[in-house]
Every structure is written in C-alpha cells, then in structure tokens.
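Participant: Submitted below is the structure of interest, expressed as structure tokens.
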Amino acid sequence: MAMELRHLRFFIAVAEEGHITRAAERLGIQQPPLSQRIKAIERELDVQLFRRKARGVELTEAGRVFLDNARAMLAHNERAIDSTRRTARGEQGRLCVGVTPTGPFHPFVPRVIRAFREAFPLVSLTLEECLSPELLIRLRNEQMDAAFLRTPMAEPEHLVIAPLIEEPMVVALPNAHALVQNDGDRAALSLKDLAGETFIVYARQHGPGLYDATTVACLKAGFSPRLGQEAPRVTSALGLVAAGLGISVVPASMQRMAMDGVAYRRLKGAAQPKAVLTLASRRGDPSAVVRNFLSLVRRTAKNFQADSEKAA
C-alpha cells in the first residue's frame, strides 16, 4: 500500500520534535497511535528511522535521508495542488491572442495586453498577427483563444464577436497632393472633396470591415468611390499612397505610423466612416484563463471608451 501524505507529516513532526509525545501534541493526536504509525512506516520501509533514547528519539542515517525526501515530496505535492488551483482560477496556463495588422496601432490593444500580463503574471501569453480570415479559422480550430478584429460581422457559428471600441477614420494622402499643400492649417476634409480620387482599399477577402466602411461612407456622401489597387495590409496601402498611386481611408490610430511621403487628414461631415475594434472568441470556451481575459478586455474597453469621450 502506498504511504499516505499524512503519514509523511507524522514522520516529519517526530523528526523535528525529537520526541513522540511533543510531536503528538503538535499534530493534535494521541501519543500511542502516533508511535504505532512510526513503527508501521519503519516496517513498510524495512528500515530503522529512529533510535530510541531515554528522553526522546533521534534520526538514524537512513532517517535523515528519508526526512529530506519526505519534505521534498510534501513540497512537490503542495506545489501541484497550488498549481492546480491557480489553473482552475485562470491564474496560470497559456493564452494565444490573435490581432489583425492594424490592431496593435490602436492604443487599447497594447494597454489591455499589458494589463492582463500584470494581473495574471503566471499565464504564458503569446500575441500573433494574422489577417482576419485566418484569425477566424485558427479560432475555430482551437489554435488560438481570442482575436482582435477590425471586421464587424454577424457572429459565425460557434464564435462570439463582441464590439469593443469605435474610432473615426482619417484619409491618408501623398504629401505632394493638392489637398495637403493647400491646407496649411491641417483643416479636416469632407469625403466629397475626395470624390475624384482613386481609393486604395483593402482586399475584401482579407478583411471586409474597413473596405465596407469606406465604400458605404462614400456612397452616403453622394458618390461611388473609384477603386484602385487592392492591398492586403494597411502598411501596403500606405506604401501605395506614399508612391502617389492614390489615397486611402484608414483608422485614426494608424496616424501613429509615420511614413515618409504620407500625410493624414481628419474627415468631417455626417458620412464619416468608423472603424470598429471587436473581440472574437469561441462560444462557451471552458478555459478559466480565457474567461479572465475576456472579462478584463470588456472592463478595460468600457473604461477606455469613457475616458476617450471625456477627452473629446
């Protein structure tokens, strides 16, 4: 029969006290059962662990080795229990979070990732950048736990898409563009001012959210945008703008990406397009780590939006 952990504790108490009666008092049990249990351990191991003395007991050489091992086994058991409980509470484990290429430029994303790492330092968190369709596939295949998207959409089967933050979009123009050269005060532009321009847009198959936001806003402003080259990523779109191949409407947070040859201007009017940051996750995910992350993201988003509205 395997030795019980409580029996190891009995042995450790006797070894540390050097006296069975004092060890029994420490353990809150009677002295005779404790003495019998120590003898039973010695019989089970077929080893003498203690030498009896007139005023107590002392460890044999084998007893000292067993004491070291008993303490190590108890410590290992306690660590295993603590680790299991932390995992059950979502305080320990692994988390893989996906983000679209424009996501990290929004200050909310690094802020909430930093907040989660501070709140749950024992969780191993990885952040991976992918285009929206790949993020959704990896979520469904359980290769990823949650993802920040720029694509407002109907919730796909088995996934939850939660809107977090809405931000305005701005227009990126070549530095040499007449609308840039003629507005020394960096005045906001109307979408109607851009009716004759060539729009560099994101390929819909890579993420329709920003594409749709741009085209819908232009239609509301009274014109159908003339579409130029499609770009799979916002950085690619800005590179094409810098080359003078057109203009592009991008989330306002992208202004943090300074690029030679590109100027940003605010948009005005009722038809301003909006970029929505959303969070995708699997419906009913049983992981406590994931639940903690989703809860923290939602709370942080509410505070972030409230602070942004106050600042505005």
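The values are calculated or read from the model by the stated rules, or taken from the named source; none is laboratory data. Source: prediction; values computed, not measured. Note: ideal-geometry Cβ built from the backbone for every residue, glycine included; neighbour counts use all protein chains shown. Heavy atoms of the whole protein, side chains included, go into the accessibility calculation; ligands, DNA and RNA do not. Shrake-Rupley method; radii C 1.70, N 1.55, O 1.52, S 1.80 Å.
Participant: Given Cβ point charges of +1 (Lys, Arg) and -1 (Asp, Glu) and nothing else, what value in debye, to the nearest 20, does the dipole of region 1-124 about its Cα centre take?
Facilitator: Dipole size: approximately 240 debye.
Participant: Oh, and also: Per DSSP H run of at least 4 residues, take -39500 (n - 2.57); add these up for the chain, divide by its residues and hand me the 222 nm value, nearest 500 deg cm²/dmol.
Facilitator: Using -39500 (n - 2.57) per qualifying helix, the result is -14000 deg cm²/dmol.
Participant: Treating cross-link reach as a plain straight distance, find the lysines whose alpha-carbon is under 17 Å from the alpha-carbon of K302, omitting any fewer than eight places away in the same chain.
Facilitator: Candidates past the 8-residue exclusion: K310.
Participant: Using θ = phi - 60° and the Karplus curve 6.51 cos²θ - 1.76 cosθ + 1.60, what whole-Hz ³J(HN,Hα) does each residue of region 116-128 get, with Gly and Pro shown as x?
Facilitator: 5, 5, 6, 6, 10, x, 8, 8, 7, 10, 10, 10, 10
Participant: Can you find, among I41, N292, I137, the residue farthest towards the positive end of the dipole of the chain? Put +1 on the C-beta of Lys and Arg, -1 on that of Asp and Glu.
Facilitator: Towards the positive end, the residue furthest out is I41.
Participant: Could you give each residue of region 57-64 its phi-based ³J(HN,Hα) in whole Hz, using Karplus coefficients 6.51, -1.76, 1.60 with θ = phi - 60°, and x for Gly or Pro?
Facilitator: 9, 9, 6, 7, 4, 5, x, 5
Participant: For the chain, would you read off the P(r) tail past 35 Å as a percentage of all alpha carbon pairs?
Facilitator: 47 percent
Participant: Output the 0 to 90 degree angle, nearest 10, between the alpha-carbon long axis of helix 31-45 and the longest principal axis computed from the alpha carbons of the chain.
Facilitator: 80 degrees
Participant: Roll a 1.4 angstrom probe over the protein heavy atoms and tell me the percent of accessible area of the chain that is carbon or sulfur.
Facilitator: For the chain, the apolar C and S fraction of the accessible surface comes to 50 percent.
Participant: Still on this structure: Any idea of the accessible area per residue across the chain, 1.4 Å probe, to the nearest Å²?
Facilitator: Result: 52 Å² of accessible area for each residue.
Participant: Each residue of region 7-22 in turn: what ³J(HN,Hα) in whole Hz from Karplus with 6.51, -1.76, 1.60 and θ = phi - 60°, glycine and Pro shown as x?
Facilitator: 6, 4, 5, 4, 4, 4, 4, 5, 5, 6, 7, x, 7, 5, 5, 5
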